[in-house]
1. Using a Förster distance of 22 angstrom, determine the FRET efficiency expected from the C-beta separation of His208 and Lys176, and round it to 0.05.
2. For the chain, which whole percent of the accessible surface, found with a 1.4 angstrom probe, sits on carbon and sulfur atoms?
3. Over the Cα atoms of the range 25-120, compute the convex hull volume and normalise it per residue, giving Å³.
4. Multiply the residue gap between Asn108 and Gln274 by 0.36 nm, knock off their C-alpha separation, and tell me the result in nm, one decimal place.
5. Once the convex hull of the alpha carbons of the range 105-168 is built, what does its volume come to per residue, in cubic angstrom?
6. Beta carbons within 10 angstrom, averaged per residue: use that to sort the peptides 171-177, 122-128, 206-212, highest first.
7. When the Cα centres of the range 42-113 and the range 232-257 are compared, how far apart do they sit, in Å?
8. Dividing the convex hull volume of the alpha carbon atoms of the chain by its residue count, what do you get in Å³ per residue?
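The values are calculated or read from the model by the stated rules, or taken from the named source; none is laboratory data. In this text, all values refer to a predicted model and were calculated from it rather than measured experimentally. FYI the Cβ positions are ideal-geometry reconstructions off the backbone, even for glycines, and counts take in every protein chain you see. Ligands, DNA and RNA are excluded from the accessible area calculation, which covers all protein heavy atoms including side chains. Shrake-Rupley method; radii C 1.70, N 1.55, O 1.52, S 1.80 Å.
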Amino acid sequence: MRRYAFLLIVAAVVAWAQLPNIPPNSIVNGASFAPNQPISVGSLISIFGTNLSTSLQHADTVPLSKSLGGVTVEFVNGDTRIPAPMLDTIPPANQLNVQVPWGIVPPNAPAQTVNVVVSVAGVGSSQPAPVTVGPFSPGIFSTGPPAFRAIAQNNSDGTLAQPAGSIPGLTTHPAKHGDVLIIYATGFGAVDNPPPDGAAAGTQSLIHTLTNPTVLIGGITAPLIYSVLSPQFVGVNQLAVTVPDSAPTGDAVSFQIKMGEVTSPSNVTIAISQ
């Protein structure tokens, strides 16, 4: 009898070790991966942990499914439970990429804590992992590491505003003062007409952010032309700015977005020439 009880305990411990697990501070903005920052509604986020999935999967349809490779992610706020649209499951990195449901907190509500639960078919569910959902969590999509080059298009020709030849397979050249740049980011918070969870904004009408971001190029505020949801990509913000005449030049000029009290990391850069 004692041996039988011991085996039951061993089996329980092994099963517990295989359950999905999300360590503290492992739910981050899906563009910047910035630690110790909130996430925001409608944005793309990355969840890191252990045993989060059993196969490499990437969503190939839009709207995104609420289940991918047997994995589901649920956001819980009191009695409100909303499944998240799934973009990727990446077992080698123990990473999930998902969209934060638009309705998990009210638009522009003060920062509050919600819980995230990951479930894997045939394995089980994680313990609830707390994460702060705030009004804003701006992050800029970029290459890297080691160099974090912003995905910033020169509006005139569609190339990226980076040093020539700096990104293999892509045409790049520095921007100039007065050029218009189109930037891709996530985490701008509430919008005037949110699409359904997992859906792209579409091209019939622009969906604007309720709050305009402040864009800093080399610490200089850049004139904002627009701030909308990307028509093509789920959970992606698209904005256009003009490179100010006073912006510094160089191959690695810092490019940041500030919204409320949150500023994206300073290690993301663009190239600007005379």
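1. Values: r = 28 Å, r/R0 = 1.26.
Computed FRET efficiency for His208 and Lys176 comes out at 0.20.
2. Details: 7180 of 12740 Å².
The value for the chain is 56 percent carbon and sulfur by accessible area.
3. Details: hull volume 9.5 nm³, N = 96.
Roughly 99 Å³ of hull volume per residue.
4. Details: separation 166, 0.36 × 166 = 59.76 nm, distance 4.00 nm.
Extra length from Asn108 to Gln274 when fully extended: 55.8 nm.
5. Numbers: hull volume 12.9 nm³, N = 64.
That works out to 202 Å³ per residue.
6. Working: 171-177: 18.0, 122-128: 14.1, 206-212: 15.9.
Put in order of decreasing packing, that is 171-177, 206-212, 122-128.
7. After rounding, the separation between the Cα centres reads 27 Å.
8. Details: hull volume 38.0 nm³, N = 274.
Hull volume normalised by residue count: 139 Å³.
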